[in-house]
Every structure is written in structure tokens, then in C-alpha cells.
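What follows is one structure encoded as C-alpha cells, with my remarks underneath.
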């Protein structure tokens, strides 16, 4: 167990950050899954719009990096494009 004040504070803040990141990542996974599982084009587009928004928000909050979000968005967009064909 830590004995310094700063170390105790770091433990508290990292615990808070962990919960925050976990919640945001869960939201991201659910949004991505909704796009991947949708078979109807209209539903897929709506899910894609929501997923983009959630990914952008996670990036702005520092949960994932910018390129990570871009890669996921690109992959999802390709998936929806295939539904159009």
C-alpha cells in the first residue's frame, strides 16, 4: 500500500479514470456492434451516424486516439457501403 499523499491521490484518480474509460469504451463497443449487426440499410446508416458521434466524443475525451477512431470509422463506413451494393 502506498504511503505518500501523492501516491494515494494517484490511486484515487486512476480508479476514477479507469471507471470513466471503461464506461466510454463499453458505449463505443455497443455502437460499433449495432452497426455491424444491422442488415437493413436505413437502420445501418442511423447506427453509423450514432457510432461516428460516439467515436468522436471518445476521441475528444482522450479515451482512444485520433487514428484509432479514424480506422474504426473507416471500417464501419466500408461495412455500410457493402450493404448498399
**Item:** Between region 1-25 and region 62-85, the Cα center-to-center distance that results, in Å
**Value:** 31 Å
**Prompt:** With each pseudo-label sitting 7 Å past Cα toward Cβ, what's the residue 83-residue 56 distance in nm, one decimal?
**Reply:** 1.9 nm
**Message:** Cut-off 20 Å, label point 7 angstrom out along Cα-to-Cβ of residue 20: give me the residues of region 43-67 whose amide nitrogen falls inside.
**Reply:** 54-67
**Message:** Quick check: pseudo-label points 7 Å beyond the Cα along Cα→Cβ at residue 27 and residue 40, how many nm apart are they?
**Reply:** 2.6 nm
**Item:** Helix-only mean residue ellipticity at 222 nm for the chain, each DSSP H run of n ≥ 4 adding -39500 (n - 2.57), per residue, nearest 500
**Value:** -30000 deg cm²/dmol
**Complete:** The computed P(r) of the chain puts the percent of Cα pairs beyond 18 Å at 51 percent
**Cβ-Cβ FRET estimate between residue 68 and residue 4, R0 fixed at 35 Å, reported to 0.05** = 0.55
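Any read-out appearing in this document is the output of simple, stated calculations on the displayed coordinates, not a laboratory observation. Being a predicted model, the structure only gives us computed values, none of them experimental. We place every Cβ from the backbone using ideal geometry, glycine too, and count neighbours over all the protein chains shown.
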